[in-house]
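Beneath this line is the structure, given in structure tokens, with notes to follow.
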Amino acid sequence: MKIIFMGTPQFAQVCLQTLLDGGHEVVAVLTQPDRPAGRGKKPQQSPVKELALAYGIEVLQPERANRGDFPAKLASYVADVFVVAAYGQILSQKVLDIPKYGAINVHASLLPKLRGAAPIQQAILNGDKKTGITIMQMDAGMDTGDMLLKSEVEIMPSDTGGDLYEKLCKAAPNALLTVLDQIAKGTTKPEKQDDNQATYAPMISKEMTRIDFTKTTQQIMDFVRGYNPFPVANADINGKILKIWSAKIFDNSENSAIGEIVRTCPKEGIFVQAADGVLNITEITPPNGKKMTAAEYIRGQSF
């Protein structure tokens, strides 16, 4: 297949590598413009751009792929299909209709559940037991197109967002190559999504990462796991905002106010009252500090 690939983060890089390893002809790559990152705020290339340049593939970085004469530029490549994975822009129907077989999207959930920008984290936040990869035929809606293939992935109780990401990266290549083979052979079986079953995974904002201790201990555990390793949950502990990397449910109940520090222990960490019990915070990053165990942290603090 003659393909234009559109993607930006590491998950998309995995999909691009799959196409290259699978013998497809990637004639161009679209990725988001270089953005300032790190302490020095230097423009940083996306993982997809780095891979494309390593293979000598032309890289295009439009601010808006739908605007101006850019759709005409895309048409000039005469691609068979567009493959999209976490690109970061909504594409118009005009753009999606350019290639012979339209555009397909690699989405990290079992649609119609968890449409949107952050399905990996949201699956764990929801306490879901499974998620997966859906390859869909794109339309102008937000992850609303016909489903071409679904591949399930189990979510274990201990899985973090990082663990689930790795599982989905392993599931995506086979699903993507299978659908491309079906497209070439004309054997795809599109399935309409049931909009009544749709749920959403919104883009993550800083405000969304603060732990709410009025939730149950299990809900908070899922919250911490889901946002590990990015963007990382945080909490106000003794007047300081700490990043919370890991925690566990403490079986004993206490008669403390919700959000109150029940006790600290130089061997076990920080214990905080939640709605239905006590949460033991075990690994943190203090302001302007390095990642450490909560036990290490409290040895240098007064509570």
Practice prompt. Only residues in the stretch 19-43 that are under 20 Å from Ser76 (Cβ atoms) and assigned to a strand (DSSP E or B) count as the first member; pair them with residues that are of a type outside the set (Gly, Ala, Ser) and open to solvent by 70 Å² or more (accessible area, probe 1.4 Å), Cβ under 6 angstrom, at least 6 apart or cross-chain, and list the lot.
Written response: Ala28/Glu58
Worksheet entry | Residue satisfying condition, being open to solvent by less than 50 Å² (accessible area, probe 1.4 Å) and either within 20 Å of Asp163 (Cα to Cα) or not hydrophobic (A, V, I, L, M, F, W, C) (or both), within set Ile104, Ile135, Ile124 | Ile124
Worksheet entry | Selected residue (criterion: farthest from Gln13 (Cα to Cα)) from residues of the stretch 53-89 that are surrounded by 13 or more Cβ atoms within 10 Å (Cβ to Cβ) and of a type in the set (Val, Ile, Thr) | Val81
Discussion item. Please count how many residues of the stretch 266-303 are at negative phi and free of Cβ contacts under 8 Å to residues at least 24 places away in the same chain.
Written reply: 7
Response to the item:
If you go through Asp143, Asp181, Asp159, Asp163, the only one that is surrounded by fewer than 14 Cβ atoms within 10 Å (Cβ to Cβ) and either within 15 Å of the chain's Cα centre (by Cα) or assigned to a helix (DSSP H, G or I) (or both) is Asp181
Practice prompt. For Gly127, indicate whether it is over 30 Å from Pro287 (Cα atoms) and not hydrophobic (A, V, I, L, M, F, W, C).
Written response: no
Response to the item:
Selection from the stretch 25-47 of residues open to solvent by less than 40 Å² (accessible area, probe 1.4 Å) and closer than 17 Å to Val81 by Cβ yields Val26, Val27, Ala28, Val29, Leu30
Worksheet entry | Single unsatisfied condition, Asn238 versus (1) under 30 Å from Leu148 (Cβ atoms); (2) among the polar types (S, T, N, Q); (3) open to solvent by 40 Å² or more (accessible area, probe 1.4 Å) | (1)
Discussion item. Pull out all pairs, ordered by first then second residue, where Cβ-Cβ is under 9 Å, the residues are six or more apart or on different chains, the first lies in the stretch 208-235 and is farther than 14 Å from Leu279 by Cβ and in contact (Cβ under 8 Å) with a residue 60 or more places away in the chain, and the second is crowded, with 22+ Cβ neighbours inside 10 Å and of a type in the set (S, T, N, Q).
Written reply: Gly226/Gln121; Gly226/Gln122; Tyr227/Gln121; Phe230/Gln121
Item to complete: Scan the stretch 236-265 for residues that are touching a residue at least 40 places away in the same chain (Cβ under 8 Å), over 27 Å from Asp159 (Cβ atoms) and outside any loop (DSSP other than H, G, I, E, B) and report the count.
Response: 2
Item to complete: Could you look through the stretch 64-91, keep only residues that are among the β-branched types (Val, Ile, Thr) and part of a loop (DSSP other than H, G, I, E, B), and pick out the one that is nearest to Gln32 (Cα to Cα)?
Response: Ile90
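The values are calculated or read from the model by the stated rules, or taken from the named source; none is laboratory data. Treat the numbers as computed from the prediction; the structure is a model and nothing was measured. Reconstructed Cβ throughout: ideal geometry from the backbone, glycine too, with neighbour counts over all protein chains shown. What goes into the accessible areas is simple: the full protein's heavy atoms, side chains included, and nothing from ligands, DNA or RNA. Shrake-Rupley method; radii C 1.70, N 1.55, O 1.52, S 1.80 Å.
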